[in-house]
Structure formats: C-alpha cells, structure tokens
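Report on the structure given below.
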Amino acid sequence: FFPLVVGVAAMFLFFRLAKRHLDNLPAVVALALFTFSPHLIYYAAEVKQYGLDVFIALMVFLVFGNPAEKNLSKGKFYGLVFFGALAVSCSHPAAFILAAYGSIRFFVLWRRKDWPAMMDLVVQSIVWLLVFGSWYLNSYHQMFDNEQIISDTLKRGYFFPLFSKQARTQMKKL
C-alpha cells in the first residue's frame, strides 16, 4: 500500500516540478509520460524503496530549486541542511542528487566569488556527508562483510568499491 501512495504523491510532485519549468500543455504531456511510464508503474506496485526514491528525488528538486539562486536566507539554509540530511537518510539516490546540486552551486558561487555563501554550502555538504557516513558505518558497511552477498555480487558481475578489508580478503580467496 505504501509504494502506491508514494507513487501517486510523486505524480503531484512531478506536476509541480513540470509547471515550474514548462507551460501548461507541455507540463500535462510530461505528467502523462511520467504517469504511464512502465518503470514508475512497477515501482508503485513493488514492495521496495524505489517509489520512495522517486518521491524523494522529486522533493529534492522542488525544495532545492535553482542551484544558482542568490543569497539564501538563514531559514532556507537551515531548512536545506535539515531536508538534505533527511533525504540522504531515506534514499540512497538523494546522495547523488545532492552531490550534483552542491557541485553546480559550488561552481556558480566560485565564479561569483561569493565566499560566505560558499562556506554555507560547505557546511551543508559536511552535514550531509556526516549523516550519510554514519548510515554507512552503522548499517550498510555490515552488508559488505556478508559472505553470501559478496559471492552473489561477484557471480552477477557487480562491483562494489566500498568493500571492507575483510570482504576484499574474502574476495581474493574466491
């Protein structure tokens, strides 16, 4: 039930995002393409996190907006810090989206020579990295020490560069 609710909510978020960047008719066409996408229909029916990942990605795009925005208020700054930390906690792809946002914003601020805003961005990024790092160290890292996961991963041809030392030693033995 939850993936379906998140999938329906994602349609509303997508339409808001489309209307922000498109006129009415193209926004409706974009919504139709989004709504009838086979992958998104599958995510709404799958009992996994994929639908939530889509929802959070859309929320990040809506909340963060334009990376070239000038002079964030302190309220928006703290809101972005909090929401970015929450997004990274709930969705792995959010880390990549925030990294892209931060990289673009860093470049824009560097070109403007807006050092105070750049320091705010660095603080935001450090908080997001600390949150992601704590999740990794406390939860995800243990998965890479699981021999069954490593064996299945190698059989399927996947590659995880973040294996622990113990996991790398086990891989050499296989």
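The values are calculated or read from the model by the stated rules, or taken from the named source; none is laboratory data. All values derive from a computational prediction rather than experimental measurement. Don't worry about glycine lacking a Cβ; one is built from the backbone with ideal geometry, like all the others, and counts go over all protein chains shown. Just so you know, the surface numbers come from the protein's heavy atoms only, side chains and all, with ligands and any DNA or RNA stripped out. Shrake-Rupley method; radii C 1.70, N 1.55, O 1.52, S 1.80 Å.
Things worth noting here:
- Spacing of the two label points (7 Å from each Cα toward its C-beta) at S89 and K76, in nm: 2.4
- Modelled label positions at H39 and W115, each set 7 Å beyond Cα in the direction of Cβ, lie 4.3 nm from each other.
- Estimated inter-spin distance, L22 and A100, nm [label 7 Å along Cα→Cβ]: 1.7
- Computed with every protein chain present, the accessible area of W115 is close to 130 Å² [probe 1.4 Å].
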